[in-house]
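Scroll down for the structure; my scribbles are underneath it.
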Amino acid sequence: MSKPDPKSLPAAAPFWMSVVMIPLVILAATRGGFWWLLLPGYAWYLTTAMDGVLGLNENNPDPEAELSQLFWHRAVTLIWFPLQFLAIFGSIYHATHGGHLSGLEQLGLFFGIGVLSGTIGIVYAHELLHQKTRLERWCGDLLLATVLYSHFRTEHLLVHHSWVATPRDAVSARYNEGFYRFFWRVLRESPVSAWRAETRMLARAKRSIWDRRNPFWRYGALQLGMLALALVLGGVTGLLLFVFQAFVAIWQLELTNYVEHYGLTRRHLGDGRYEHIMPRHSWNAAHTASNWLLINLQRHSDHHYKPDRRFPLLQTYDEDEAPQLPLGYPAMTFVAMVPPWWRRRMNPRVRAWRRKFYPDIEDWSAYNQGNLPMPRSAL
């Protein structure tokens, strides 16, 4: 890990590259045809090409920088909900009333919008939900409601950050588990896991599940509101297009979750006790352009080590402290969609990680299968 520079902060402007996707939505909605390809082309392929040109950014800012210095860094996350809201619902109205888009063109457009709401919107929601201000948390909740995945807030904050790389965490992908098996497992398990965590929290406080503090009532109201608006603006077609972009966004999120922790596990200390989370329990990536687009999400080792650290201040680690991805997330998620290719690229890295950090563990079968005991005191 490089020594932080107390005088340096990453420039805010590059983190605004996501905003370029809004005019791309307008182009796709108004022009039809294959213009929708600009959205995944920009988010996935251009960003990966820029990573190849710009290389790695291993500079570490001062983690104690004042909040006042981060105004423009924070601003892009705060303005994103209204931008995404207009992109989704403006496109629903335009696609269903304009009469110039065929059914396939509508699907292409909303696939592109799903790339936007998943690659950018959920990543920004993730940053916002970790903050303490009411405005930021509400913006995060609203963003998640636009992709019908509000339970992510509970699952991420109460389960994932406490029990990542243990059997309690559904989104810690197991060694040799292909993405598609992982995806359907997460879709089944995460909502149930989130509900269980919230209801157990309420029970510990001697409150009923019907208590107004149960956030699932807010989640449901916000999501129903989004569905109703899509129906009012675009009828059944608008509703189906809204659900389709939400599914694409969720697919994007879970691809990222799959990459972030694949095959990494915390040592079981016996009797349901696990070692503390360390940088070594998340894959790290210092690729410059994809970290701009994803507001440093790829500095994931530090995010789990210090979850309350804002994205401009996240640190990156070298291979002595955290395992390194060979490419940024946009490229790695593409590899993950082809499980044999993924295993060829990543299984040797997982085995090297095990030899490096846990040379004394000889039998990994229980870790691989998720058969270790549930953590004590887990919600």
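Of the residues making up segment 123-135, at least one is among the hydrophobic types (A, V, I, L, M, F, W, C), out of contact with any Lys or Arg (no Cβ under 9 Å at 6 or more places or on another chain), farther than 20 Å from GLN245 by Cβ and in contact (Cβ under 8 Å) with a residue 12 or more places away in the chain.
Would you call ARG200 part of a helix (DSSP H, G or I) and among the basic types (Lys, Arg)? Answer is yes for this residue. Exactly one residue among ARG273, ARG310 is at pLDDT 95 or above and over 25 Å from LEU54 (Cα atoms), and that residue is ARG273.
Selection of segment 159-169 for residues being outside any loop (DSSP other than H, G, I, E, B) and open to solvent by less than 40 Å² (accessible area, probe 1.4 Å) yields VAL159, HIS160, HIS161. Residues of segment 205-230 that are within 19 Å of PRO82 (Cα to Cα) and either of a type in the set (A, V, I, L, M, F, W, C) or surrounded by fewer than 12 Cβ atoms within 10 Å (Cβ to Cβ) (or both): ALA221, LEU222, LEU224, MET226, LEU227, ALA228, LEU229, ALA230.
Evaluated against (1) within 21 Å of THR256 (Cβ to Cβ); (2) in contact (Cβ under 8 Å) with a residue 60 or more places away in the chain, HIS160 falls short on exactly one condition, (2). From the list LEU144, LEU109, LEU116, LEU128, the lone residue that is open to solvent by less than 10 Å² (accessible area, probe 1.4 Å), within 23 Å of ALA43 (Cβ to Cβ), in contact with an Asp or Glu (Cβ under 6 Å, 6 or more places away or on another chain) and among the aliphatic types (A, V, I, L, M) is LEU128.
For (1) closer than 30 Å to LEU135 by Cβ; (2) open to solvent by less than 30 Å² (accessible area, probe 1.4 Å); (3) in contact (Cβ under 8 Å) with a residue 24 or more places away in the chain, each residue gets a yes or a no:
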position: PHE89; (1), (2), (3): yes, yes, yes
position: ALA95; (1), (2), (3): no, yes, yes
position: HIS100; (1), (2), (3): no, no, yes
position: GLU105; (1), (2), (3): no, no, yes
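Quick check on segment 282-295. Is at least one of its residues among the aromatic types (Phe, Trp, Tyr) and in contact with a Leu (Cβ under 7 Å, 6 or more places away or on another chain)?
Yes, segment 282-295 contains a residue that is among the aromatic types (Phe, Trp, Tyr) and in contact with a Leu (Cβ under 7 Å, 6 or more places away or on another chain).
Which of the residues spanning segment 170-186 are open to solvent by less than 50 Å² (accessible area, probe 1.4 Å), closer than 24 Å to PRO307 by Cα and in contact (Cβ under 8 Å) with a residue 40 or more places away in the chain? Hits for segment 170-186 are VAL171, SER172, ALA173, VAL186.
Figure legend. Inter-residue proximity from segment 316-334: first residues within 17 Å of GLY41 (Cα to Cα), second residues buried (at least 18 other Cβ atoms within 10 Å of the Cβ) and aromatic (Phe, Trp, Tyr), beta-carbon distance below 6 Å, spacing 6+ or different chains. Indicated pairs: PRO330/TRP44.
Checked against (1) closer than 27 Å to HIS130 by Cα; (2) without any contact (Cβ under 8 Å) to a residue 40 or more places away in the chain; (3) open to solvent by 70 Å² or more (accessible area, probe 1.4 Å), ASN59 meets all criteria but (2).
The values are calculated or read from the model by the stated rules, or taken from the named source; none is laboratory data. Since the structure is predicted, the reported quantities are computational estimates derived from the model, not experimental observations. When we count neighbours, we look across all protein chains shown, and the Cβ atoms used for this are built from the backbone with ideal geometry, even at glycine. For the accessible areas, the whole protein counts, side chains as well, though only heavy atoms, and no ligand, DNA or RNA atoms are used. Shrake-Rupley method; radii C 1.70, N 1.55, O 1.52, S 1.80 Å.
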